[in-house]
Amino acid sequence: MSTDVREQAIIQRLRAAPKYRGVHVDTIVDIVQRESPKASSTAELERRARLKLHKVVAGYLLTRRITYLARSTAEADGSEAARRERCREVLGAHFSTAERLPDLEAFYPAVFGAVGEAGTVADLACALNPFSLPWLRDATNAEYAGYDLNLAYVELGRQFLADRYPRCSVHHRDVLVCPGAITADIALVLKTYHNMEDRRPGAGLRLVAELGSPVVVVSFPTRTMTGRPVPFTWRLLSALSDFAAERGWPVDRVELPTELVVVIRKAPTLTGQKGSTSGAAA
Ligand SMILES: C[S@@+](CC[C@H](N)C(=O)[O-])C[C@H]1O[C@@H](n2cnc3c(N)ncnc32)[C@H](O)[C@@H]1O
């Protein structure tokens with residue numbers, strides 16, 4: 001998609017705005033270009049783009065300042081118990097991971113119990129989830145790669161993983177752009193699928209189809225931030241299940257009290273070859 005002068009000016013303004021400074025440029029360009037045909041003026045385009053970006057970045061889900069979390073991260077050492085304690089504190093600072101805390105011990109064993117062993121795991125739109133690595137290690141030795149369009153989360157995750165988990169990484173990237181390049185054995189799309197569908201209807205389905213990973217794990221929140229049942233989950237789940245059925249992809253469900261997890265198998269994998277990644281990864 002080429003950008004016109006009006007779009008270019010807005011892209012530059014949004015990139016310079018403190019609120020969106022860490023947002024991947026691909027995200028800003030994509031949103032401005034897709035909103036452009038719907039806007040009758042420059043002011044309307046900028047307003048529409050800011051509204052979309054606000055929802056995509058979802059800064060309101062973070063309940064602590066990044067600088068505070070960076071300090072906690074630097075201190076996340078010592079005994080395994082102390083590290084887990086610090087990680088819990090960081091995970092508790094984002095609504096998505098905070099909500100998962102009561103299920104954290106059960107979460108990865110349940111997911112990997114359903115998908116089997118993997119050599120590599122991609123965690124798409126990971127936010128603070130790299131801090132769940134101590135619990136991921138209870139279930140698998142797989143190499144971990146997190147992806148997020150928000151550089152603040154990426155840097156925080158990198159700071160935590162460096163030294164402690166050398167085979168793991170976090171990448172600054174919009175996963176809706178070229179998802180085919182992500183080829184991990186298992187791709188996790190945790191509690192963000194609905195945001196992607198909100199950004200662009202059909203984007204979640206396209207992501208599942210185009211990801212280079214043979215197994216895609218999509219999860220949905222079961223409650224809203226105010227504690228009410230989530231209204232969109234069943235609609236999105238049903239569309240996703242139909243989409244998979246049309247392609248002959250088996251779908252399994254794992255239900256946890258705070259999260260509904262769906263496992264989509266697009267192609268055969270290492271499933272069932274428990275322990276195929278030998279040796280303990282850091
Ligand atoms: C609701 S949180 C999900 C956090 C995490 N997956 C979890 O379950 O704990 C949304 C996160 O997804 C990121 N995000 C949304 N769309 C994205 C995209 N297309 N590519 C990369 N990151 C994305 C946002 O920056 C934000 O950090």
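The sole residue among Glu75, Glu80, Glu89 that is farther than 21 Å from Val170 by Cα and modelled with pLDDT under 95 is Glu80.
Of all residues in the range 160-171, those satisfying the criterion of being surrounded by fewer than 17 Cβ atoms within 10 Å (Cβ to Cβ) and in contact (Cβ under 8 Å) with a residue 40 or more places away in the chain are Arg164, Pro166, Arg167.
Checking each residue in the range 194-212 for being within 13 Å of the ligand (Cβ to nearest atom) and in a loop (DSSP other than H, G, I, E, B) picks out Arg200, Leu211. The number of residues in the range 23-76 being free of Cβ contacts under 8 Å to residues at least 40 places away in the same chain and either surrounded by fewer than 14 Cβ atoms within 10 Å (Cβ to Cβ) or in a helix (DSSP H, G or I) (or both) comes to 31.
Restricting the search to helices (runs of 4 or more DSSP H) fully inside the range 94-193 and requiring at least 3 residues that are more than 12 Å from the ligand (Cβ to nearest atom) gives 104-115, 133-136, 151-161. Selection of the range 172-202 for residues being crowded, with 17+ Cβ neighbours inside 10 Å and hydrophobic (A, V, I, L, M, F, W, C) yields Val175, Leu176, Ile182, Ala184, Ile186, Ala187, Leu188, Val189, Leu190, Met196.
The values are calculated or read from the model by the stated rules, or taken from the named source; none is laboratory data. Just so it is clear, the model here is predicted, and its values are computed rather than measured. All Cβ positions, glycine included, derive from the backbone under ideal geometry; neighbour counts span all protein chains shown.
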